[in-house]
Amino acid sequence: MKFSLFAHMERISPDQDQKQLYEEFVELCKIADKGGMHAVWTGEHHGMNFTIAPNPFLNLVDVARQTENVRLGTGTVIAPFWHPIRLAGEAAMTDIITNGRLELGIARGAYSFEYERLMPGMDAWEAGRRMRELIPAVKGLWAGDYAQEGEFNSFPKTTSSPQPIQQDGPPIWVAARDPNSHEFAVQQGCNVQVTPLWNGDGEVSDLMSKFNAACAKFPEVKRPKIMLLQHTYVAEDSADAKLGAIELNRFYCYFGAWFMNKREITQGLIDPLSQEDIDAHPFYSPEAMERDLVIGTADTVIDRLKRYEDLGYDEYAFWIDSSMDFERKKTSLERFIKDVMPAFQ
């Protein structure tokens, strides 16, 4: 099982300097590269200080100049926000600039906050249909002389300009949860990225079962790779693990508030949650986080990740967004590289 880093600029307070946050993001990427991690992933979000990432290609091109070996992945671009000709060309240019290190993750998106601003009236069902139309188009444009008469985009014969340097284009990853999305990804020959969020190891197993079922349904297709994305904190001791659980619980309370899209947003920041708001959440709690996320000392984390490896996951992405300060994120990542990864070599 390979290991990668998943990170954004994460801002929940107006006191946090955005330039400093970007420099800290780059520093984490450099640590991942020097530590021998396989890839760095960063996503696409708009108008949300919670995850500042308006165009992941910009970040990845910059990170490419400051790293040597790590693969560079979009985790993920939001399909409905892209015309296929534009996505094919920008991804190909990124592949050229990064010397063939690009991995292209694509999703339908999740936040109604973004949908209502960039694609008013679009729901998740339409977003999924747009993704299913986009991915074959991007692959066709990379191959060249591709024309489309689609539900959402139609255009005459076109070739991506430029074309990527990786043979057949950068690997495409599809963010999948339900059986249909797993089946679409496998049928298209795309890799699969899954995240159980806060739902624990039962969901980790269930997502793998859906992937295996999709692979079995299309035996003529070479089995793609599957990556597990999960919040991770490698603690110094049990007390530190409990502090990490408290911090990740705060992160998920903010995540849930953004997802529900009912709280006031000012200057890109959500109306702050009080401790009373956090304590009153119906199912998020520090105890649940410690149980259901990958939180613990190195030995605890190793034991858990060995189970994921046994399930068949090809890659594990250390999701470092956590509402923690930079030093705690950095220390956890360094412990992961030094104390956890060697157990899998």
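The values are calculated or read from the model by the stated rules, or taken from the named source; none is laboratory data. A quick note: this is a predicted structure, and the numbers were derived from the prediction, not measured. As a convention, Cβ positions derive from the backbone with ideal geometry for all residues, glycine included, and neighbour counts pool all protein chains shown.
Values computed for the structure shown
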{"quantity": "Subset of segment 113-135 [more than 30 Å from Gln167 (Cα to Cα), crowded, with 16+ Cβ neighbours inside 10 Å and under 20 Å from the mean Cα position of the chain (by Cα)]", "calculated": "Phe113, Glu114, Tyr115"}
{"quantity": "Residue tally, condition more than 20 Å from Thr42 (Cβ to Cβ) and under 19 Å from the mean Cα position of the chain (by Cα), over segment 315-345", "calculated": "0"}
{"quantity": "Neighbours by Cβ (under 8 Å, 6+ apart or cross-chain): first from segment 258-275, closer than 13 Å to Ile12 by Cβ and touching a residue at least 24 places away in the same chain (Cβ under 8 Å); second among the hydrophobic types (A, V, I, L, M, F, W, C) and assigned to a loop (DSSP other than H, G, I, E, B)", "calculated": "Trp258/Met48; Gly268/Met48; Leu269/Ile12; Ile270/Ile12; Pro272/Ile12"}
{"quantity": "Unique residue being outside any helix (DSSP H, G or I) and either at pLDDT 95 or above or surrounded by fewer than 19 Cβ atoms within 10 Å (Cβ to Cβ) (or both) when the list is Leu58, Leu87, Leu72", "calculated": "Leu72"}
{"quantity": "Condition met for Pro219 (exposed (fewer than 14 other Cβ atoms within 10 Å of the Cβ) and either out of contact with any Asp or Glu (no Cβ under 7 Å at 6 or more places or on another chain) or outside any helix (DSSP H, G or I) (or both))", "calculated": "yes"}
{"quantity": "Close pairs from segment 308-328: first within 18 Å of Lys30 (Cβ to Cβ) and surrounded by 18 or more Cβ atoms within 10 Å (Cβ to Cβ), partner at pLDDT 95 or above and charged (D, E, K, R), Cβ under 6 Å, at least 6 apart", "calculated": "Ile320/Lys329; Asp321/Glu10"}
{"quantity": "Residue within segment 160-181 that is within 16 Å of Ile135 (Cβ to Cβ), without any contact (Cβ under 8 Å) to a residue 60 or more places away in the chain, part of a strand (DSSP E or B) and touching a strand residue (DSSP E or B) at 6+ places or on another chain (Cβ under 8 Å) present", "calculated": "no"}
{"quantity": "Subset tally (residues that are free of Cβ contacts under 8 Å to residues at least 60 places away in the same chain, farther than 18 Å from Pro286 by Cβ and among the aliphatic types (A, V, I, L, M)) for segment 193-237", "calculated": "6"}
{"quantity": "Test: residue in segment 263-274 that is of a type in the set (Asp, Glu) and either crowded, with 18+ Cβ neighbours inside 10 Å or not in a helix (DSSP H, G or I) (or both)", "calculated": "yes"}
{"quantity": "Unique match (being among the aromatic types (Phe, Trp, Tyr), under 29 Å from Asn212 (Cα atoms) and in contact with a Leu (Cβ under 9 Å, 6 or more places away or on another chain)) among Trp142, Trp173, Trp82", "calculated": "Trp173"}
{"quantity": "Boolean, Phe255 is surrounded by 18 or more Cβ atoms within 10 Å (Cβ to Cβ), within 22 Å of the chain's Cα centre (by Cα) and hydrophobic (A, V, I, L, M, F, W, C)", "calculated": "yes"}
{"quantity": "Answer from Val174, Val194, Val138, Val186 - the residue that is touching a Pro at 6+ places or on another chain (Cβ under 7 Å), surrounded by 15 or more Cβ atoms within 10 Å (Cβ to Cβ) and within 24 Å of Tyr308 (Cβ to Cβ)", "calculated": "Val186"}
{"quantity": "Inter-residue pairs, beta-carbon under 9 Å, first farther than 19 Å from Glu114 by Cβ and in segment 36-51, second modelled with pLDDT under 95, 6+ apart", "calculated": "Gly36/Gln345"}
